[in-house]
Amino acid sequence: MRVELSEVLWLDQHHELSLREVAELSGLTEAELTELVDCGALAPTNPGAAQQMFAARCVVVARTASRLRRDFELDAQGLTLAMTLLERVQDLEAQLNELRALLPHRVL
Amino acid sequence: MPGQDYEVAVPITLEQAYSGTEVNLDLNVPAYDARGHLRRVPQTFKARIPKGATEGQRLRIAGKGGQGINGGRAGDLYLNISLRPHALYRANGHDLYLDLPLAPWEAVLGASVEVPTLGGAVRLKVPPGTAAGQRLRLPKRGLPRPRGTEGDLYAIVQIVVPATVADQESALFKQLAATSKFNPRSHFSPVQSAVDSGGGEP
């Protein structure tokens, strides 16, 4: 069976998407995304511009928010709290990973 | 209505992250059969992971998720990249860390040592008086970033001693011990003096 090779798209800080595109990819409405922007969970790359743009990495955050809202029926405040805590967990994981990288592994 | 998005964990080696790779993704995905029943069907995708992907990187393959309903677009497939543990290197973002064992005399006198990197071995100049735990940076010898720059490789110095020494080596170490005025625990004395005098830490 021949398997077609799929090209991947980076979800990082270099690619930008519009609010509409983030909404389409995350399953959240534009109004819900704006709420996330207002509470600081999502940051546009051009704050204050008429058409806000977002780093593609925001799709990961928006999809997580979408799952939380749908699966746990969270309101805006609950969603903000959950997203803040998740961000804190990710920051701590990153710090832990950095410290682990510094620790010598090889004991002679 | 758009189809469901799928997520799949994709562990890759550091070598694959360094050079880029192709991975086969074998998924069991829900799909409607000819009679309209929802069944899980095996599906295989091949995806090109470009160089520069590192731990926690998310990648998206458009249209490879679940089928759309009533003419909706197909969902997407999201790849969650993780790095497999490596025998030599530890990754932090695009930087790599490597333990660099040195003999005591190499640390004291300095040395030029060969260090393995993902792009091939390089020589690293160890300056005289290098201490254990010191980080020696090899710029641009880490993982490549998607936009062309590279992370760094850090060699973390470990000073190791031989498990056994020959008589001549032992004699030389004894001669060094008798000659050297170096006291690695000199900072203990003021603290101990203060404790002994009942004043606590100075």
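The values are calculated or read from the model by the stated rules, or taken from the named source; none is laboratory data. Quantities reported herein were computed from a predicted structural model and do not represent experimental measurements. So basically every Cβ, Gly included, is an ideal-geometry build from the backbone, and we count neighbours across all protein chains shown. Calculation scope for accessible area: heavy atoms of the full protein, side chains included, ligands and nucleic acids excluded. Shrake-Rupley method; radii C 1.70, N 1.55, O 1.52, S 1.80 Å.
Across the accessible surface of the stretch B:1-94, with the other protein chains kept in place and a 1.4 Å probe, carbon and sulfur atoms take up 49 percent. In a fully extended conformation the segment linking B:L176 and B:A103 would gain 24.8 nm over its present Cα-Cα distance, using 0.36 nm per residue. Taken over the stretch A:61-108, the convex hull of the Cα atoms encloses 80 Å³ per residue. Using a probe radius of 1.4 angstrom, the carbon and sulfur fraction of the accessible surface of the stretch A:16-102 is 53%. Per-residue surface analysis assigns A:H105 an accessible area of about 120 Å², computed on protein heavy atoms at 1.4 Å probe radius. For the protein assembly as shown, the fraction of C-alpha pairs farther apart than 36 angstrom is 41 percent.
Restricting the stretch A:1-35 to GluC sites (Glu not before Pro) that sit in a DSSP loop and have at most 12 other Cβ atoms within 10 Å of their own Cβ leaves A:E4. Sequentially through the stretch B:90-99, phi angles give Karplus couplings (6.51, -1.76, 1.60; θ = phi - 60°) of 10, 9, 9, x, 9, 8, 10, 10, 9, 6 Hz, Gly and Pro residues having no value and appearing as x.
Just the Cα atoms of the stretch B:59-150, one point each, no solvent: what log10 I(q)/I(0) does Debye give at q = 0.17, 0.18 Å⁻¹? Debye intensities relative to I(0), on a log10 scale: -0.84, -0.90. Between A:S66, A:S18, A:S26, where does the largest GNM mean-square fluctuation fall for chain A, given springs only between Cα atoms within less than 10 Å? Largest GNM mean-square fluctuation: A:S18.
Which of B:N24, B:N80, B:N92 ends up with the largest GNM mean-square fluctuation for chain B, with Cα atoms connected below 10 Å? Result for chain B, Cα springs under 10 Å: B:N24 fluctuates most.
Per DSSP H run of at least 4 residues, take -39500 (n - 2.57); add these up for chain A, divide by its residues and hand me the 222 nm value, nearest 500 deg cm²/dmol.
The per-residue figure over chain A is -18000 deg cm²/dmol.
Distances between placed amide hydrogens fall under 5 Å for B:T13 paired with B:R84, all partners being 5 or more residues away or on another chain. Once backbone amide H atoms are built at 1.01 Å from N, B:N92 has B:Y97 as its partners under 5 Å, excluding neighbours fewer than 5 places away on the same chain.
If packing is taken as the average count of other Cβ atoms within 10 Å, what order do B:98-104, B:124-130 fall into, highest mean first?
My ranking of the peptides, most packed first, is B:98-104, B:124-130.
Take the Cβ atoms of B:D167 and B:K125, set R0 to 45 Å, and the FRET efficiency comes out at 0.85.
Counting only alpha carbon atoms, the long axis of helix B:167-179 and the longest principal axis of chain B meet at about 70°. Compactness of the stretch A:16-102 was expressed as the Cα radius of gyration divided by 2.2 N^0.38 Å, which yields 1.15.
Tell me, how many Å apart are the Cα centres for the stretch B:45-62 and for the stretch B:1-38? The stretch B:45-62 and the stretch B:1-38 have Cα centres spaced 11 Å from each other. Global size of chain B: 27.8, 91 Å for Rg and Dmax (C-alpha atoms, Rg to one decimal, Dmax whole). A straight chain from B:R135 to B:T13 at 0.36 nm per residue would run longer than the Cα-Cα distance by 41.5 nm. Solvent-accessible area per residue in the protein assembly as shown equals 61 Å², computed with a 1.4 angstrom probe and all protein chains kept.
For the stretch A:1-71, applying the loop criterion from DSSP together with a ceiling of 15 other beta carbons within 10 Å to the trypsin sites (Lys or Arg not before Pro) yields A:R2. For the stretch B:1-87, the set of trypsin sites (Lys or Arg not before Pro) satisfying both a DSSP loop assignment and a count of at most 12 other C-beta atoms within 10 Å is given as B:R35.
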